[in-house]
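Novice: The structure's right below; bear with me while I get my questions together.
The values are calculated or read from the model by the stated rules, or taken from the named source; none is laboratory data. Note that this is a predicted model, so its numbers are computed, not measured. Note: ideal-geometry Cβ built from the backbone for every residue, glycine included; neighbour counts use all protein chains shown. Ligands, DNA and RNA are excluded from the accessible area calculation, which covers all protein heavy atoms including side chains. Shrake-Rupley method; radii C 1.70, N 1.55, O 1.52, S 1.80 Å.
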Amino acid sequence: MAKLFLAKDESHYYIVAGKSQGTFQLSLAGLFWLAQMQTPFPRPGRQRDEGVPLTWGTFRKLRDEGYLFTKGPSLSATTSRPGHHKHDDDDQEQDTDEAPVPAGLPLLLRTEGEGPDEHWQLFLDLSDLSEETWQELQQLAGSTAGARLLAGRKELASSESLRHLFFSPLLPVHPQAEAYQLCCQLPDGYYELGAAPRTPGLSPTWQGTLFYQEEEAELPRRLLRGERIKLYAGIRLYWLVQNTHDVQRGLLRNWPGSARPLGPPVADWQLWELELTPSTLATQDAEARLERWLNYSELKLQQPSWSLMLLSPPLLLPKAGSPVLGPHSKVIIGCRPPATSLAPLQSGRAVAMTLDLRLSKEGNGPPLERRFSLTGEASMVYVALDSLEPGTYQLGQGNLPDRLTFTLDPCAAQAGTDPLPPELLAGLRCTAVTEGDARQEFAAFSPTAEEAAGATESRRLLLKSAEEGATLVWELAPSGLPVSVSWRWCTAEAFWDQGRAFSPVTTGEKLTALWQQQIWPALARASQARLIFDGGALGCLEISLEPAPRPVAASLRIRTAQRAQLLWLGNCLTALPRAELAHTPGLPVALQQRLRALEQAARQDDPPLALALRRLLTARLQPWIVARLMAVFQEH
């Protein structure tokens, strides 16, 4: 941990930043900034264990702003950019010098309301309490019906009944810098729960406390020092800081996105909503700025990793160990880019992606490293590993822990292992079953000529009626394989649109539910549609949908004079002021039905008339327009 000292002669302040950083003097601008951030200053002289501790985020901020110097000019403001050797020294010094922050219970945030009614509340998640703590709590409470639980300062804390917490283990707490300790409130006093962990309070420094909502979480969670997080466009962070700090000169100054205060302050703590929008990611250094901003909060940006898949079919699958490919000297690897990467969202320039691969052979020297720089959007990158000798290999990405392991063995046929299950040779398979038990089968691979001849031609799903599409049942094989499902469609009125399942589908039952709830409602009126089932190494199925026949719309039967008046009335709606359309008597039901039938028939044959009719059906009509419409159809 860096420390701030005052020289014995009180001529200057200096910072001792650790063995790998050295000692720096602090400029007057740096002293002024520390005073604005309410940092206490030390007494003159340097004795053992004296000095004012500074967080590594504060030290980095001082160095980046050019407030530190040795005996010459101030340090450059780009000294600690992410990836720089000085930045790496910071991480090593922090990891070895600072004790880990005790986690305690998760601290959650809930925001509610809109506009002037916006407010927020903190909660301790008691679902992480140990069984020992619950037993202690039950012994303290006994049969007392009014026993309540609270945490924090008793004069401010909100208590909750134990009976309620058993069903909803979220304990409301007030914001405070002191640690939260659980207490049981009984008629004769308060009792601390010794078995319950102490939960750290909020940070009183200029860095504040960040809350981050993970993809599958219901509420944002407080982030602790040293954690890694994934960020993407559209994500919202919540920053809680004491409102006595000058936020515009502190952490908020370097945030690369939009920020706004959320709700009124609570106990002198103000909540800010921080958002990453696509426009803020348009610059080339956006990711570096974001990583630097997280470093000020002593957090780390989790770099999204590629998904590596072995595409060369293995000959053997041992019960324990890596797949065996046999006497192959070339291995094909499929690399899927990360779904949460920030790069595709940086508009206005070509998308650049980097793939770092490390191939190592067990017991044979240093790994072979290769970097691929890719420009443009890619759903899969294929890498061929050539001239490999027999042995076991591990393929990874940089320093990430995950590894893809495989073995090349020319004597694999003599090994005492089980062969590859035959059903995997067909790869991903799905079957559409109608109510009449008619089956349409689709397979990514066809291992035999007989099965290839029996597969549905051109991978086209044929539906006889809309009712058949609504009741379709799906089967998936192999069972348990995670399959990414997406669908695209277009109609006569709109261009291509697309949808995607939020999580992979693993069973036919889940695919059937997804089809009936999301896919078919979108495709029912489509003129063209495609289904994409991506099974990774077991293949990708793209199925075109033959739309079910729909009733033919009635032919457009309307006179030229009627058409001209309807076009004129529809145009009037765009010219009339809104104030003149305040009172509407409404259209008769018979006239509404007539106009809707004409609008449907005109969609393909007469788009201008269809547009005018839609305006007349959806707008508030002035009384004279209603009267004129009735006269148009009564005259003919």
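Novice: Over all alpha-carbon pairs in region 180-297, figure out the percentage whose distance exceeds 24 Å.
Specialist: Result: 36 percent of Cα pairs exceed 24 Å.
Novice: Give Lys61/Lys230; Lys230/Lys330; Lys8/Lys300; Lys3/Lys230 a once-over and call out the pairs whose C-alpha atoms are over 26 Å from each other. Could the numbers behind the result be given before it?
Specialist: Working: Lys61/Lys230 22 Å; Lys230/Lys330 35 Å; Lys8/Lys300 37 Å; Lys3/Lys230 31 Å.
Result: Lys230/Lys330; Lys8/Lys300; Lys3/Lys230 exceed 26 Å.
Novice: Net charge around Gly263, counting only other residues with Cβ within less than 15 Å of its Cβ (Lys, Arg = +1; Asp, Glu = -1)?
Specialist: -3
Novice: D for region 2-70, whole µm²/s, Stokes-Einstein with Kirkwood Rh over alpha-carbon pairs at 4 °C and 1.567 mPa s: what number? Before the final figure, lay out the partial values.
Specialist: Values: Rh = 12.0 Å.
For these conditions, the coefficient is 108 µm²/s.
Novice: Spelling out what I want: for every residue of region 430-435, take phi, set θ = phi - 60°, compute 6.51 cos²θ - 1.76 cosθ + 1.60 (Karplus), and round to whole Hz; glycine and proline get x.
Specialist: Couplings: 9, 10, 9, 10, 8, 4 Hz.
Novice: Sorting His164, His174 by accessible area (1.4 Å probe), largest first, what list results?
Specialist: Reading off the accessible areas and sorting them downward yields His164, His174.
Novice: While we're here: What list of ³J(HN,Hα) couplings, whole Hz, do you get for region 121-133 from phi and the Karplus terms 6.51, -1.76, 1.60, once you set θ to phi - 60° and write x for glycine and proline?
Specialist: 8, 9, 9, 9, 8, 7, 5, 8, 5, 6, 5, 4, 5
Novice: Cβ under 11 Å from Glu275's Cβ, Glu275 left aside: what net charge do those residues give with Lys, Arg +1 and Asp, Glu -1?
Specialist: Details: positive: Arg236, Arg260; negative: Glu273.
That works out to +1.
Novice: Let me ask another. How large is the accessible surface of Lys330 in square angstrom, using a 1.4 angstrom probe and rounding to the nearest 10?
Specialist: Per-residue accessible area (Lys330): approximately 110 Å².
Novice: A further question on this structure: Quickly work out the Ile229-to-Ser161 label distance, labels modelled 7 Å from Cα along the C-beta direction, and quote it in nm with one decimal.
Specialist: Between Ser161 and Ile229, the label points sit 3.6 nm apart.
Novice: If you don't mind, another one. Calculate the length of the line joining the C-alpha centroid of region 615-636 to that of region 168-223, in whole Å.
Specialist: 63
Novice: Output wanted: per-residue J couplings in Hz (rounded whole) for region 516-523, from phi through Karplus 6.51 cos²θ - 1.76 cosθ + 1.60, θ = phi - 60°, x for Gly and Pro.
Specialist: So the J values, rounded to whole Hz, are 6, 8, 10, 6, 5, x, 7, 8.
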